[in-house]
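Every read-out reported here was derived from the displayed coordinates using simple, explicitly stated rules and does not represent laboratory data. Treat the numbers as computed from the prediction; the structure is a model and nothing was measured.
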């Protein structure tokens with residue numbers, strides 16, 4: 001093998017011809033949007049396609065301001081996952097994505113501005129948010145743009161951006177750190193499916209295995225569309241009989257539980273999301289054991305969170321059931337007092353009983369939300 005190095009530019013120009021303008025995947029026709037800067041890594045080529053006969057709020061992205069080069073696969077994945085979080089809320093929401101996991105996310109509470117929401121999302125883990133993709137479900141204004149430009153952000157995506165905000169993003173003399181920031185306008189997020197009832201026949205996930213085999217699957221969507229779908233947990237076994245969660249949660253906690261659930265759907269499992277007053281205080285992700293994911297989230301809060309909220313009386317979402325009550329105890333010691341997770345463990349009754357003893361409200365979601373992206 002030659003030791004001669006091949007530049008990324010020459011590698012891409014040599015290989016990009018592999019991607020046709022039109023393709024058909026299981027009866028759905030796709031049109032190529034663009035050749036990407038690169039795939040997941042600079043030595044991997046990639047191209048983006050959109051469905052021809054369905055709304056494509058991500059495939060139809062409009063570049064309002066380009067950086068020094070185009071978008072990569074990871075940029076688009078981060079854009080997609082950030083919008084997949086923000087789509088769920090009818091209040092201003094922001095998700096800061098980094099390497100296809102949210103470093104932080106937030107939704108407005110009360111009269112909070114878009115800038116307030118961005119700060120809450122960023123400061124969930126400001127170290128990880130360095131170089132993130134910041135996604136919004138509302139228009140980005142000048143005040144928010146100035147805040148975004150105070151730290152390094154790679155890309156901003158939103159349904160619209162005011163002219164004054166775009167002027168801020170383009171002020172290279174004032175904001176030299178972010179002179180290559182990309183500003184992207186997405187389509188109507190209302191066209192994205194939010195719950196199982198919104199599922200259509202166009203959107204499928206495709207996983208390519210090491211030998212080229214494909215797994216075609218339905219997209220990950222929830223049955224829960226409102227706070228009314230957040231149900232008190234109950235279970236039974238031979239030892240304890242019927243056990244129900246007896247600890248109450250406030251209205252804000254119930255809304256926070258749903259918020260945490262929507263965020264966690266976009267976290268690599270095992271996933272844990274701790275939320276209070278609309279802000280993700282910490283995200284535990286990618287752990288092989290559930291209590292480890294809780295410990296990771298608690299550590300992140302204690303060492304990386306820079307917001308104003310204390311973890312006392314926070315809520316937590318778990319993307320899978322608790323095989324034992326150790327994770328609940330760990331969360332309670334940190335300050336969590338309400339938890340949502342799917343049922344399914346043979347120890348569900350034991351977990352609920354222990355939660356009642358230590359003052360934690362338990363809610364059962366109607367599905368598991370593992371995400372192995």
Inset, instruction - Send over the Kirkwood Rh of the chain, from the inverse of the averaged 1/r over different Cα pairs, rounded to one decimal Å. - result: 21.7
Legend entry - Helix-only [θ]222 nm of the chain, DSSP H runs n ≥ 4, -39500 (n - 2.57) each, per residue, nearest 500: -7500 deg cm²/dmol
Legend entry - DSSP bridge pairs, the chain: antiparallel proportion in percent, nearest 5: 70
Inset, instruction - In whole Å, largest first, what are the principal axis extents of the Cα atoms in the stretch 203-287? - result: 50, 38, 26
Inset, instruction - Specify the angular offset, from 0 to 90 degrees and rounded to the nearest 10, of the alpha carbon long axis of helix 290-304 from the longest principal axis of the alpha carbons in the chain. - result: 70
Inset, instruction - Only bridges with both residues in the stretch 227-365 count here: give the DSSP antiparallel percent, nearest 5. - result: 60
Inset, instruction - Using only Cα atoms, tell me the angle between helix 348-358 and the longest principal axis of the chain; keep it within 0 to 90° and round to the nearest 10. - result: 70
Legend entry - Rg(Cα) / (2.2 N^0.38 Å) computed for the stretch 313-373, rounded to two decimals: 1.04
Legend entry - Ellipsoid equivalent to the stretch 31-139 - semi-axes via the Cα gyration tensor, in Å: 26, 17, 11
Inset, instruction - Starting from the Cα gyration tensor of the stretch 98-256, multiply each eigenvalue by 5, take the square root, and state the resulting semi-axes largest first in whole Å. - result: 37, 24, 16
Legend entry - Helix axis angle, 251-264 relative to the chain longest principal axis, alpha carbon, degrees: 50
Inset, instruction - Output the antiparallel fraction of DSSP beta bridges having both residues in the stretch 112-256, as a percent to the nearest 5. - result: 45
Inset, instruction - Output the direction-averaged projected area (hull surface divided by four) of the convex hull of the alpha-carbon atoms of the stretch 207-362, in nm². - result: 10.5
